[in-house]
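J.: Here it is, the structure, as structure tokens.
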Amino acid sequence: MKIEAKLAEMGIEPPEPSMPDTLPLRAWNVSGNLVYLSGAGPTDEAGNTPIGKVGRDFDAVEAAGFAQSIAVAHLGVLKDALGDLDRVIQIVKVLGMINCTEDFTEHPMVINGYSDLLVELWGENGRHARSAVGMAQLPSGMAVEIEAIVEFM
């Protein structure tokens, strides 16, 4: 089944990337047959970025939802980069960063919110190498940030 058809069945419509041209970076960059997705933060249903620390302001389940929202945003970035999500061969690597308290230890559970969606869409080709790490702070105080590397044809 085509990826965009799967997304429609799931009721997911990836947004168009909205990175201003004035920034000295891109939402994605291609090198060879790899597309590098810049770090992105979560948005809630109102379009706001959740600000705060996981382990204090949010629990791991809430933060996993934030990670899933980043996966949806990254699908929009991938579509922008490749024109067609069916060009994806495999998800290669994911780096998940969590703005968390010093004693928070459920990093993998949080980033599973991102990973699980990719596996649901691409099956074994959605499984990837991954790091899930805690940070003392993230840009603008966002709770989660994720970047990824994707192979395409």
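J.: In the range 32-65, how many are in a strand (DSSP E or B) and open to solvent by 70 Å² or more (accessible area, probe 1.4 Å)?
T.: Result for the range 32-65: 2.
J.: Could you list, in sequence order, all residues of the range 50-87 that are of a type in the set (S, T, Y) and under 19 Å from N33 (Cβ atoms)?
T.: Answer for the range 50-87, where residues must be of a type in the set (S, T, Y) and under 19 Å from N33 (Cβ atoms): there is none.
J.: For residues in the range 88-122 being among the charged types (D, E, K, R) and touching a helix residue (DSSP H, G or I) at 6+ places or on another chain (Cβ under 9 Å), which is farthest from L7 (Cα to Cα)?
T.: Applying the filter and picking the extreme gives E106.
J.: Out of (1) over 25 Å from E9 (Cα atoms); (2) open to solvent by 40 Å² or more (accessible area, probe 1.4 Å), what's the single condition that is false for N125?
T.: The failed condition is (1).
J.: Here's a follow-up. Kindly indicate whether A148 is modelled with pLDDT of 95 or more and over 22 Å from N29 (Cβ atoms).
T.: no
J.: Right, another one. Kindly indicate whether A63 is modelled with pLDDT of 95 or more and touching a Cys at 6+ places or on another chain (Cβ under 9 Å).
T.: Judged against the criteria, A63 is a match.
J.: Let me ask something else. Please indicate, with yes or no, whether at least one residue in the range 9-23 is out of contact with any Cys (no Cβ under 6 Å at 6 or more places or on another chain), at pLDDT 95 or above and either among the hydroxyl-bearing types (S, T, Y) or under 19 Å from H128 (Cα atoms) (or both).
T.: No - not one qualifying residue is present in the range 9-23.
J.: Considering each residue of the range 69-115, count those that are under 22 Å from W28 (Cβ atoms) and either hydrophobic (A, V, I, L, M, F, W, C) or not in a loop (DSSP other than H, G, I, E, B) (or both), and give that number.
T.: 31
J.: Ok, one more. Consider H107 carefully, then state whether it is touching a residue at least 60 places away in the same chain (Cβ under 8 Å) and either open to solvent by less than 50 Å² (accessible area, probe 1.4 Å) or acidic (D, E) (or both).
T.: no
J.: Another question, if that's okay. Filter the range 30-47 down to the residues that are more than 13 Å from V144 (Cα to Cα) and of a type outside the set (S, T, Y) and list them by number.
T.: Of everything in the range 30-47, those that are more than 13 Å from V144 (Cα to Cα) and of a type outside the set (S, T, Y) turn out to be V30, G32, N33, L34, V35, L37, E45, A46, G47.
The values are calculated or read from the model by the stated rules, or taken from the named source; none is laboratory data. Please read these numbers as outputs of a predicted model, since none were measured by experiment. Neighbour counts run over all protein chains shown; Cβ positions are idealised from the backbone, glycine included. Side chains included, ligands, DNA and RNA excluded: accessible areas come from the protein's heavy atoms. Shrake-Rupley method; radii C 1.70, N 1.55, O 1.52, S 1.80 Å.
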